[in-house]
Amino acid sequence: MGIDKRALMAQLAERLQHSDRLAHRAQAEAREAARSLATESEKKEDGRAAIEYGSLATGQSARARRLHEELGVLAAFSEAQTPRFRRGDPVALGALVDVRTEDEKGYDERTFFVLPVGAGTELTGPGGDGFLSVITPASPVGRALLGRRAGDSVDVTWGGEVREWTVLEVA
């Protein structure tokens with residue numbers, strides 16, 4: 001698995017920055033809507049709408065703060081030396097993990113990138129080849145895979161069903 005981890009982290013940072021910009025824009029729009037509704041009319045319904053827009057703005061503000069924090073964590077992790085994994089090393093932060101999944105349709109392979117933030121983000125592989133999913137140690141999949149080695153099998157609850165996954169490679 002010769003994938004450039006720094007390029008993947010840069011891709012994740014770009015996606016988080018994009019989400020951050022969207023959250024700031026949504027926050028500003030919701031605050032403006034709350035202000036204009038609150039001052040245009042004294043009707044009870046407009047007051048309720050202003051409160052709802054105010055709550056939406058508060059939620060978007062919290063989302064923007066969380067994204068900003070995640071970007072800081074990712075930057076600090078990226079600046080540290082990206083861990084190199086040798087044959088037989090266990091899954092840990094910074095690992096790319098290939099797993100084989102089995103379900104009623106047969107076998108499938110998935111690749112995960114274990115990072116401290118960005119859970120659930122789909123990244124595009126080099127040259128647009130395939131997709132990788134970001135998982136964190138706090139996620140159910142991350143908890144199941146941490147410490148496992150190539151050849152280990154693990155039960156993972158996915159889509160409400162327990163499935164057996166086999167770790168194929170840790171890089």
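Worth pointing out:
- Of all DSSP-defined beta bridges confined to the chain, some 90% are antiparallel rather than parallel.
- Between the residues Tyr107, Ser78, Pro90, the greatest Cα displacement towards the positive end of the dipole of the chain, with unit charges on the Cβ of Lys, Arg, Asp and Glu, is found for Ser78.
- Cα shape, the stretch 110-171, gyration tensor, a/c 1.5 rule: prolate
- For the stretch 9-21, Karplus couplings with θ = phi - 60° (6.51, -1.76, 1.60), whole Hz, Gly/Pro x: 5, 5, 5, 5, 4, 4, 5, 5, 5, 4, 4, 4, 4
- Percent accessible area from carbon and sulfur atoms, the chain, protein chains only, probe 1.4 Å: 49 percent
- With a Förster radius of 35 Å applied to the C-beta separation of Phe77 and Glu104, the computed FRET efficiency comes to 0.40.
- Per residue of the chain, the DSSP helices (runs of n ≥ 4 H) give a summed -39500 (n - 2.57) that works out to -16000 deg cm²/dmol at 222 nm.
- Sorted peptide list for 90-96, 19-25, 104-110, criterion being average Cβ within 10 angstrom, highest first: 90-96, 19-25, 104-110
- Rounded to the nearest Hz, the phi-derived 3J(HN,Hα) couplings of the stretch 86-101 under the Karplus curve 6.51 cos²θ - 1.76 cosθ + 1.60 (θ = phi - 60°) are 9, 3, x, 5, x, 5, 8, 3, x, 7, 9, 10, 8, 10, 9, 9, where x marks glycine and proline.
- A simple count of charges around His24, restricted to other residues whose Cβ falls under 11 Å of its Cβ and scoring Lys, Arg +1 and Asp, Glu -1, yields +3.
- With protein chains left intact and a 1.4 Å probe, residues in the chain average 60 Å² of accessible area per residue.
The values are calculated or read from the model by the stated rules, or taken from the named source; none is laboratory data. This one's a predicted model, so the numbers in the text were calculated from it and none came from an experiment. Ideal geometry is used to build each Cβ from the backbone, glycine not excepted, and the neighbour counts take in all protein chains shown. Only protein heavy atoms, including side chains, enter the accessible area calculation; ligands, DNA and RNA are left aside. Shrake-Rupley method; radii C 1.70, N 1.55, O 1.52, S 1.80 Å.
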